[in-house]
């Protein structure tokens, strides 16, 4: 999975609208030297995104230094929920820099105290502790560690099993990739942990059986009984879609975890902080987890992640034994406080909910027009996806998805490279501050790009 975008400039039609501007060949000839430098000194794995050299970003637009402006449907991979360069966030970061305090390890700070208090305020009742980290992978890795530790405390060293889902993504570290379920990402591990297993994700498309009975049957087939399972880690929506589970399924899972002393972990790293039209995506299921993994949109800018959870689980380790070098970095804390307040006070979460029908209707229309290559569409709030398949089949097709995204890039609509278990998904994730006008323009461009891709396939 994965293809390299060419950095050879090609002539493309010029674009000039309120939200998009393309005035050079793409990539801009003036950016080639930078792109070549990056290719010379970075690993091949870093070549996977459309080759625009970001110069600045504001609101819902990304600019290069050569006069081009893209309407951003990527959010820098679902980070800038409150918008690029949001003034309140920039001011908070600037004020913190001016204070002279830009690092303090895990020595106490007012900034960290304010942020963790705010996170507990917006978290469900019963989740009373926060451990701050830097990346989403760190958060999921920490949650797995805490779940296992809690399991051992409850049932001894036999109760260490972790259940994830097929096609799930939780990061690129050891335990996060073992818990995830994307083909090929675990080949490097070789000696996989036999106590970590995956169950089918009940999306109704790739897995047609959406009953909770399938969960029970699968863990039995994996040789894991409830007394051997410490935790279940699910994305609240699978980012490869977005694909949600049925509400009843998740509610039954919650009941099963309660009955068997199993820690229920929701990975909200990309789903949280308003992306789905609710502050937390698990609110759509009307259940509460035991641990929440957060990241990405929490700051709309700087690196920050964390785990929010129940005291009895979070307090599993004594002083000094569970820390992180950049825990609660003051710059990131100030950015997070400003971002969360902006999302709530400026009603950006409500904006995501209100725009959901427009996003969903548009991509459903694309799917209905091109059912031969669009196997599934889905959206919730301001995250949506087109899952692309081999014509006339249910076989995922990365190349067609890649072509759609490349065409959009040339027209001033920016999305990240195809995602999904097989790289089949054209994913849409604009900042939550986007207007209806800008959203509709981007969706119109996307529809046109799909049309062009299909036309090119038959000519």
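The values are calculated or read from the model by the stated rules, or taken from the named source; none is laboratory data. Remember, it's a predicted structure, so these values are computed and weren't measured experimentally. Because the Cβ atoms are built from the backbone with ideal geometry, glycine has one as well, and the counts that use them run over all protein chains shown.
Among the listed residues 236, 218, which satisfies the condition of being without any contact (Cβ under 8 Å) to a residue 60 or more places away in the chain and in contact with a helix residue (DSSP H, G or I) (Cβ under 9 Å, 6 or more places away or on another chain)?
The unique qualifying residue is 236.
Based on what the data block shows, is residue 289 buried (at least 24 other Cβ atoms within 10 Å of the Cβ), at pLDDT 95 or above and over 30 Å from residue 88 (Cα atoms)?
yes
In region 392-404, is there at least one residue being modelled with pLDDT of 95 or more, assigned to a helix (DSSP H, G or I) and farther than 19 Å from residue 48 by Cα?
Scanning region 392-404, I find no residue that is modelled with pLDDT of 95 or more, assigned to a helix (DSSP H, G or I) and farther than 19 Å from residue 48 by Cα, so the answer is no.
Which of the numbered conditions does residue 408 fail, given that it passes all the others? Conditions: (1) buried (at least 21 other Cβ atoms within 10 Å of the Cβ); (2) out of contact with any strand residue (DSSP E or B) (no Cβ under 9 Å at 6 or more places or on another chain); (3) under 30 Å from residue 47 (Cβ atoms); (4) not assigned by TED's automatic domain parsing to the domain that holds residue 118.
(2)
Only one of these is in the same structural domain as residue 294 (by TED's automatic domain parsing) and at pLDDT below 95: 184, 164. Name it.
Of the residues listed, the single one that is in the same structural domain as residue 294 (by TED's automatic domain parsing) and at pLDDT below 95 is 184.
Just need a number here: residues in region 46-84 that are in a helix (DSSP H, G or I), in contact (Cβ under 8 Å) with a residue 40 or more places away in the chain and at negative phi.
1
Residue 142 versus (1) out of contact with any strand residue (DSSP E or B) (no Cβ under 8 Å at 6 or more places or on another chain); (2) within 30 Å of residue 161 (Cα to Cα); (3) part of a helix (DSSP H, G or I): which is the lone unmet condition?
(1)
Tell me which residues, restricted to region 199-224, are surrounded by 13 or more Cβ atoms within 10 Å (Cβ to Cβ) and outside any loop (DSSP other than H, G, I, E, B).
199, 212, 214, 215, 216, 217, 218, 219
Looking for whichever is farther than 23 Å from residue 426 by Cβ and assigned by TED's automatic domain parsing to the domain that holds residue 310 here; the options are 283, 235. Which one fits?
283
Just need a number here: residues in region 381-399 that are touching a residue at least 40 places away in the same chain (Cβ under 8 Å) and crowded, with 24+ Cβ neighbours inside 10 Å.
So the answer is 7.
Take the conditions outside the structural domain of residue 382 (by TED's automatic domain parsing), crowded, with 20+ Cβ neighbours inside 10 Å and modelled with pLDDT under 95 and apply them to residue 309. Does it pass?
No, not satisfied.
Tally up the residues in region 353-371 that are touching a helix residue (DSSP H, G or I) at 6+ places or on another chain (Cβ under 9 Å) and either buried (at least 17 other Cβ atoms within 10 Å of the Cβ) or at positive phi (or both), please.
6
Given the options 31, 45, 9, name the one that is more than 27 Å from residue 433 (Cα to Cα), at pLDDT below 95 and not assigned by TED's automatic domain parsing to the domain that holds residue 185.
Going through 31, 45, 9 in turn, the sole match is 45.
Pull out all pairs, ordered by first then second residue, where Cβ-Cβ is under 9 Å, the residues are six or more apart or on different chains, the first lies in region 1-15 and is within 19 Å of residue 36 (Cβ to Cβ), and the second is in a strand (DSSP E or B).
9/26; 10/26
Kindly indicate the residue of region 359-382 that is outside any helix (DSSP H, G or I) and within 21 Å of the chain's Cα centre (by Cα) and also farthest from residue 454 (Cα to Cα) among those meeting that condition.
My answer is 381.
Filter region 312-352 for residues that are in a loop (DSSP other than H, G, I, E, B), buried (at least 21 other Cβ atoms within 10 Å of the Cβ) and touching a helix residue (DSSP H, G or I) at 6+ places or on another chain (Cβ under 7 Å) and give the result.
Once the filter is applied, which keeps residues that are in a loop (DSSP other than H, G, I, E, B), buried (at least 21 other Cβ atoms within 10 Å of the Cβ) and touching a helix residue (DSSP H, G or I) at 6+ places or on another chain (Cβ under 7 Å), region 312-352 yields only 328.
Can you tell me how many residues in region 239-260 are out of contact with any helix residue (DSSP H, G or I) (no Cβ under 7 Å at 6 or more places or on another chain), outside any loop (DSSP other than H, G, I, E, B) and surrounded by fewer than 16 Cβ atoms within 10 Å (Cβ to Cβ)?
4
Across region 420-437, which residue is farthest from residue 73 (Cα to Cα) among those that are surrounded by fewer than 24 Cβ atoms within 10 Å (Cβ to Cβ) and in contact with a strand residue (DSSP E or B) (Cβ under 7 Å, 6 or more places away or on another chain)?
Looking at residues that are surrounded by fewer than 24 Cβ atoms within 10 Å (Cβ to Cβ) and in contact with a strand residue (DSSP E or B) (Cβ under 7 Å, 6 or more places away or on another chain), I get 422.
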